[in-house]
1. Output the residue which, of all residues in the range 219-253 that are aliphatic (A, V, I, L, M) and surrounded by 18 or more Cβ atoms within 10 Å (Cβ to Cβ), is modelled with the lowest pLDDT.
2. Find all pairs meeting these conditions: Cβ atoms under 8 angstrom apart; at least six residues apart or on different chains; first residue within the range 181-200 and at pLDDT below 95; second residue among the basic types (Lys, Arg) and crowded, with 22+ Cβ neighbours inside 10 Å.
3. What do you reckon, is Val86 modelled with pLDDT of 85 or more, farther than 22 Å from Tyr289 by Cα and surrounded by 15 or more Cβ atoms within 10 Å (Cβ to Cβ)?
4. Let me confirm something: among Ile156, Ile166, which residue is in the same structural domain as Gly245 (by TED's automatic domain parsing) and in contact with a His (Cβ under 7 Å, 6 or more places away or on another chain)?
5. Considering only residues that are within 26 Å of Ser65 (Cα to Cα), in a loop (DSSP other than H, G, I, E, B) and small (Gly, Ala, Ser), look in the range 254-294 and name the one that is modelled with the highest pLDDT.
6. Test Gly33 against the criterion of being surrounded by fewer than 18 Cβ atoms within 10 Å (Cβ to Cβ) and in contact (Cβ under 8 Å) with a residue 12 or more places away in the chain, and give yes or no.
7. Can you tell me which of Lys58, Lys91 is in a strand (DSSP E or B), of a type in the set (Lys, Arg) and either over 20 Å from Leu185 (Cα atoms) or at pLDDT 85 or above (or both)?
8. How many of the residues making up the range 201-210 are within 19 Å of Tyr248 (Cα to Cα) and either without any contact (Cβ under 8 Å) to a residue 12 or more places away in the chain or among the charged types (D, E, K, R) (or both)?
Amino acid sequence: MANDFELNDDIRIDCNSNEIAVAISTKSGAFNGMVYPKGLSKNSTCLAEFLHQKSPIKYRLPLRSCNTMSTEMDDGGIEYFNTIVVQPHLKLVTNQGRGFHIRCIYTTKDQTITHNMNFSMTDSEPLLATAPMPGCTMKIYYGDPNNKEVAENVKIGDPLTLVIAIDSQSVYGLKISDCLVRDGLGWGEQYLIGDDGCPVDEEIMGKFEYSEDKTVASVKFQAHKFPYTDSVYYQCNVKLCVKAGGCYDTPPHCERGGSEGRIRRQIGGSNSTDEEGAPATIEVYSGLYVNEATDGKNDLVDNVHKEKKVNDSDQICISQKNFAIGIAIAGLILILLVILAIIFLLARRRKQKDTGSTGSSIYSGPYTNTAYSHSS
């Protein structure tokens, strides 16, 4: 089986717009087993099973789920990375599984957006003006964002700051709306900010604070997670507005609990056309790992080595049944030792008592009661 699972060196990776396509070839020309992201061997939405599949097998890794994370490069590009595990068995996790660290780097390109400007002049014609579309980023920082410590692996309750920013310029401002957190598995999501830009549940995430030039919005919150996974993904819509009279509702005026009644309309999907005439709406997202409070900050959820069954001569494995029997026998032996100790002490005390009652005394010799008389 090990020889059938030998992989070729020509593993191909294609970096697509929404996913990373991985092509894996085996020397035998066929593959029986499964491929999954590290730590998600029990998740059917991210796990792919192959039965008598001809080589090369193709596995698709989504960019916005299945533990795929991203980081910003120094040159402005974005790197997406993940680790996949190739197991040559459909049901068991064995030590024959191999892990591969997958990376894709995407470069950003300058974009332009257009909008019409009409002048109320006689025989006027609409003029088409173009302006460079500002770049937009979402980053989650650990603690104070001024420290520039990007949060990647944190614990529940750690202080975080979500910062959304567009390039500093004089034309456009921003308004944040429709923020939610996903589990990355397609099982659960929780809305955080409504389509009006107001918080849905302030105990989870409060109101965004905007900079004076309306190009940066930030909100502080405590790290949270779904109970069945450690990876969380945050997603927001960024509505661009023209500063010259078009950003009157930035920041939004929020009343307590004002967004709760509007969630159902959000779930139905967002319209790409801005009702207020904003030039564009940009969707941004970011992800990170959140561990339990007792876990170490730098501990990952899982790794390939933990998923293998390692035969280590220094490790001793005992079943629960044998362990319970051993504890019972040890307890019985301890009780017997206590009983023997008590019997020994009682016997010793009795021996000392018998020795004291049969020993010699100054009064134990022959005794005669003889009277002497004296006559004068």
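1. First, the residues of the range 219-253 that are aliphatic (A, V, I, L, M): 219, 223, 232, 238, 240, 242, 244.
From the residues that got through so far, the ones that are surrounded by 18 or more Cβ atoms within 10 Å (Cβ to Cβ) too are 219, 223, 232, 238, 240.
On the way: Val219: 95, Ala223: 94, Val232: 93, Val238: 93, Leu240: 89.
Per the stated criteria, the residue is Leu240.
2. Going by the 8 Å Cβ cut-off, the qualifying pairs are Gly197/Lys175.
3. Values: modelled with pLDDT of 85 or more: yes; farther than 22 Å from Tyr289 by Cα: yes; surrounded by 15 or more Cβ atoms within 10 Å (Cβ to Cβ): yes.
Yes, satisfied.
4. Values: Ile166 fails: in contact with a His (Cβ under 7 Å, 6 or more places away or on another chain).
Going through Ile156, Ile166 in turn, the sole match is Ile156.
5. So, considering only residues that are within 26 Å of Ser65 (Cα to Cα), in a loop (DSSP other than H, G, I, E, B) and small (Gly, Ala, Ser), the one modelled with the highest pLDDT is Ala280.
6. Details: surrounded by fewer than 18 Cβ atoms within 10 Å (Cβ to Cβ): no; in contact (Cβ under 8 Å) with a residue 12 or more places away in the chain: yes.
Spelling it out, it is not the case that Gly33 is surrounded by fewer than 18 Cβ atoms within 10 Å (Cβ to Cβ) and in contact (Cβ under 8 Å) with a residue 12 or more places away in the chain.
7. Details: Lys91 fails: in a strand (DSSP E or B).
One residue alone meets the criteria, Lys58.
8. From the range 201-210, those within 19 Å of Tyr248 (Cα to Cα) are 207-210; that's our starting set.
Those left that are additionally either without any contact (Cβ under 8 Å) to a residue 12 or more places away in the chain or among the charged types (D, E, K, R) (or both): 207, 209.
Number of matching residues: 2.
The values are calculated or read from the model by the stated rules, or taken from the named source; none is laboratory data. Predicted, not measured: the structure shown is a model, and the values here were computed from it. Neighbour counts are summed over all protein chains in view; Cβ atoms, including those assigned to glycine, are modelled from backbone coordinates with ideal geometry.
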